[in-house]
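The values are calculated or read from the model by the stated rules, or taken from the named source; none is laboratory data. Because the structure is predicted, anything quoted here is derived from the model rather than measured. Reconstructed Cβ throughout: ideal geometry from the backbone, glycine too, with neighbour counts over all protein chains shown. Just the protein is used for accessible areas: all its heavy atoms, side chains included, with ligands, DNA and RNA removed. Shrake-Rupley method; radii C 1.70, N 1.55, O 1.52, S 1.80 Å.
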Number of protein chains: 2
Amino acid sequence: MMIIDSRFENDSIFLADLSLSQLRLMNDGELDWFILIPKREDIIEWSDLGQEDQLLLNQEINMLVNLLKELPEVKKVNVANLGNIVSQFHVHIIGRKFGDRAWPGPIWGTKSSLPLSQERIQFWKNAKISK
Amino acid sequence: MMIIDSRFENDSIFLADLSLSQLRLMNDGELDWFILIPKREDIIEWSDLGQEDQLLLNQEINMLVNLLKELPEVKKVNVANLGNIVSQFHVHIIGRKFGDRAWPGPIWGTKSSLPLSQERIQFWKNAKISK
């Protein structure tokens with residue numbers, strides 16, 4: 001069983017187990033912000049994932065980008081692996097809105113003034129997430 | 001011929017033409033900061049690239065991540081598509097250093113106090129970049 005860094009547990013909630021990754025939703029009441037954490041050990045950098053896993057990762061990214069693109073308020077989807085703070089490999093997929101709290105700058109390091117609502121959690125639990 | 005957004009021309013220099021992407025080096029004298037711009041038209045979001053192109057993109061990302069990982073001063077490689085300002089699809093691959101000007105926060109939106117040196121341009125022109 002893969003161990004998820006406890007900082008993910010504090011900042012986000014579990015949404016689904018996908019083929020490669022655990023999908024989590026950040027505790028952000030202003031933006032739809034997903035995290036994909038591949039269920040593999042000792043992955044730090046993008047290139048540490050094997051080719052098959054990269055194919056799966058791209059499929060999971062595509063699915064989430066497409067879900068976010070359907071939301072009329074989403075102006076651009078940001079896809080990123082930073083990992084400067086939490087090294088366990090993870091990819092952010094974030095639906096950025098025109099005029100959001102960091103627009104057009106990067107969102108990392110800023111905090112939402114609103115917590116994630118139960119309604120939004122339910123919205124994503126009911127979404128068509130391919131596993 | 002693909003047209004490259006003029007803002008890339010202002011902020012970065014051409015390094016190489018790869019299978020999928022034009023590879024450019026940001027005008028940053030503090031960090032090694034690559035940009036991959038796929039030579040395809042009308043690509044805005046990650047999921048706009050077809051599966052074959054995503055495979056090539058991942059290969060190009062892997063190569064650059066591996067080149068940066070070899071540098072002892074690089075603590076973490078950041079890989080990201082933001083595109084909030086320049087919408088033409090591009091991926092940043094950045095060798096972040098412990099204690100760099102934004103560490104451990106995101107680097108986008110910050111400016112280097114040093115211009116890119118001719119020595120560093122030559123270093124990357126001489127690097128083993130698989131095309």
Those residues of the stretch A:29-46 which are under 15 Å from B:A80 (Cβ atoms) and in a loop (DSSP other than H, G, I, E, B), in sequence order: A:E45
Among the residues of the stretch B:89-101, which ones are open to solvent by less than 40 Å² (accessible area, probe 1.4 Å) and more than 10 Å from chain A (Cβ to nearest Cβ)? B:F89, B:H90, B:G95
Within the stretch B:39-81, how many residues turn out to be open to solvent by less than 10 Å² (accessible area, probe 1.4 Å), hydrophobic (A, V, I, L, M, F, W, C) and out of contact with any helix residue (DSSP H, G or I) (no Cβ under 8 Å at 6 or more places or on another chain)? 4
Hey, does the stretch A:66-82 have a residue that's over 18 Å from B:W46 (Cβ atoms), within 14 Å of the chain's Cα centre (by Cα) and polar (S, T, N, Q)? no
When (1) surrounded by fewer than 17 Cβ atoms within 10 Å (Cβ to Cβ); (2) farther than 27 Å from B:P104 by Cβ are applied to B:L20, the one that fails is (1)
Number of the condition not met by A:I13 [criteria: (1) loosely packed, with under 15 Cβ neighbours inside 10 Å; (2) on the phi > 0 side of the Ramachandran plot]: (2)
Of the residues that sit in the stretch B:102-131 and are part of a helix (DSSP H, G or I) and among the basic types (K, R), which one is surrounded by the most Cβ atoms within 10 Å (Cβ to Cβ)? B:R120
For the stretch A:18-33 the number of residues that are farther than 16 Å from A:E119 by Cα and touching a helix residue (DSSP H, G or I) at 6+ places or on another chain (Cβ under 7 Å) is 4
If you go through the stretch A:70-96 one residue at a time, how many are among the hydrophobic types (A, V, I, L, M, F, W, C) and either in a loop (DSSP other than H, G, I, E, B) or in contact with a Ser or Thr (Cβ under 6 Å, 6 or more places away or on another chain) (or both)? 5
Among (1) more than 8 Å from chain B (Cβ to nearest Cβ); (2) free of Cβ contacts under 8 Å to residues at least 60 places away in the same chain - the single one A:W46 does not satisfy: (1)
Of the listed residues (B:S117, B:S130), the one being at pLDDT below 95 and small (G, A, S) is B:S130
Hits in the stretch A:67-88 - residues which are more than 9 Å from every other protein chain (Cβ to nearest Cβ) and touching a residue at least 60 places away in the same chain (Cβ under 8 Å): A:L67, A:V86, A:Q88
Condition check: more than 9 Å from chain A (Cβ to nearest Cβ) and among the basic types (K, R). Does B:R40 satisfy that? yes
